[in-house]
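Below is one structure; the comments refer to it alone.
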Amino acid sequence: MDIKQNLNSIKAQLAEDVTLVAVSKTKPVSDLMEAYNAGQRIFGENKIQEMADKYEEMPKDIEWHMIGHVQRNKVKYMAEFVALIHGVDSFKLLKEINKQAAKYDRTINCLIQIKIAEEDSKFGMSAQDAKKLLVSEEFKKLNNVSITGLMGMATFTDDTNQIQQEFKKLKTTFEDLKPLETANCDLQIISMGMSGDYKIAIDCGSNMIRVGSSIFGARDYDN
Ligand SMILES: *Cc1c(COP(=O)(O)O)cnc(C)c1O
């Protein structure tokens, strides 16, 4: 695996307004450093403890993105440094993120995860519940979080048409919710697309892709 070459060939395909999150979960710091030395500064992890360990070891000009499902009792371990939490799917979680962010006197940027896949295993809120959350008075009181966009994961399938439909649903939801701008909500980011489907995602309006195996190679175990 030539990490630098993989990174460069993906970046060469991306328009300037598309942000690449290098998904480094399960990979050793030496692999991340190869990407870092090739210029990559945004890394995505799906386990809070693993991300915190890598944060300790690596240069401090990295933006760390939490892309996995977040357990509320672990938010405190990343509150000091996390740059963006992609998988926010409940008000309770948002409230905890707000509380932990306040301890460090900072604002944590978050994306609301919208359930766009048909399969039941994927986390996320319905578009309707996301809207309810964003217009609620309780939400507006959370001064230490900022909702900067939406995130979604398509069904794991070879059916390109289905993937496209699901990504389009996220784009439509984004357009629908974007006017709900408040002090702590300004939707700019559409995080969708992984190694297998990022080209489709970009065609459907993604401006943040989360790519792991196409950069770092296949993971030893599937998580
Ligand atoms: C692992 C993961 C990715 C990256 O997957 P690849 O297929 O390796 O590119 C993207 N998003 C989330 C939420 C993930 O958990």
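The values are calculated or read from the model by the stated rules, or taken from the named source; none is laboratory data. In this text the structure is predicted, and so the values were computed from the model without any measurement. Glycine gets a Cβ as well: all are built from the backbone with ideal geometry, and neighbour counts include every protein chain shown. All accessible areas refer to the heavy atoms of the entire protein, side chains included, with ligands and DNA or RNA removed. Shrake-Rupley method; radii C 1.70, N 1.55, O 1.52, S 1.80 Å.
Of the residues in the stretch 118-137, at least one is under 15 Å from the mean Cα position of the chain (by Cα), surrounded by fewer than 23 Cβ atoms within 10 Å (Cβ to Cβ) and among the hydrophobic types (A, V, I, L, M, F, W, C). Taking the numbered list (1) assigned to a helix (DSSP H, G or I); (2) open to solvent by 80 Å² or more (accessible area, probe 1.4 Å) in turn, His69 passes all entries but (1). Between Lys54, Lys60, Lys4, which is surrounded by 14 or more Cβ atoms within 10 Å (Cβ to Cβ), more than 16 Å from the ligand (Cβ to nearest atom) and more than 22 Å from Met153 (Cβ to Cβ)? Only one candidate qualifies: Lys4.
(1) touching a Phe, Trp or Tyr at 6+ places or on another chain (Cβ under 7 Å); (2) more than 18 Å from Leu7 (Cα to Cα); (3) of a type in the set (A, V, I, L, M, F, W, C): which one isn't true of Ile189, the others all being true? The single condition Ile189 does not satisfy is (1).
For the stretch 75-95, indicate whether the set of residues that are in contact with a helix residue (DSSP H, G or I) (Cβ under 9 Å, 6 or more places away or on another chain), farther than 20 Å from Lys169 by Cα and of a type in the set (Asp, Glu) is non-empty. Scanning the stretch 75-95 turns up at least one residue that is in contact with a helix residue (DSSP H, G or I) (Cβ under 9 Å, 6 or more places away or on another chain), farther than 20 Å from Lys169 by Cα and of a type in the set (Asp, Glu). Out of Ser195, Ser126, one residue alone is at negative phi and within 14 Å of the ligand (Cβ to nearest atom). It is Ser195.
Can you tell me which residues in the stretch 101-113 are open to solvent by 10 Å² or more (accessible area, probe 1.4 Å) and over 13 Å from Thr148 (Cα atoms)? Scanning the stretch 101-113 gives Ala102, Lys103, Tyr104, Asp105, Arg106. Taking the stretch 198-213 as the range and being within 8 Å of the ligand (Cβ to nearest atom) and of a type in the set (Gly, Ala, Ser) as the test, the residues that pass are Gly212, Ser213. The single residue among Asn144, Asn161 that is farther than 28 Å from Glu16 by Cα and more than 14 Å from the ligand (Cβ to nearest atom) turns out to be Asn144. Being within 16 Å of the ligand (Cβ to nearest atom), aromatic (Phe, Trp, Tyr) and exposed (fewer than 15 other Cβ atoms within 10 Å of the Cβ) holds for only one residue in Phe216, Phe156, and it is Phe156. Screening Leu93 on (1) within 15 Å of the ligand (Cβ to nearest atom); (2) under 16 Å from the mean Cα position of the chain (by Cα) shows it passes everything except condition (1). Among the criteria (1) within 14 Å of the ligand (Cβ to nearest atom); (2) assigned to a helix (DSSP H, G or I); (3) in contact with a helix residue (DSSP H, G or I) (Cβ under 7 Å, 6 or more places away or on another chain), the one Phe139 does not fulfil is (1). For the stretch 21-32, a residue qualifies if it is touching a residue at least 60 places away in the same chain (Cβ under 8 Å) and surrounded by 21 or more Cβ atoms within 10 Å (Cβ to Cβ), and the qualifying residues are Val21, Ala22, Val23, Ser24, Lys27. Quick one: how many residues across the stretch 191-211 are part of a helix (DSSP H, G or I) and either of a type in the set (Val, Ile, Thr) or open to solvent by 20 Å² or more (accessible area, probe 1.4 Å) (or both)? So the answer is 4.
For the stretch 33-47, the set of residues classified as under 17 Å from Met78 (Cβ atoms) and surrounded by fewer than 22 Cβ atoms within 10 Å (Cβ to Cβ) consists of Ile42, Asn46, Lys47, listed by residue number.
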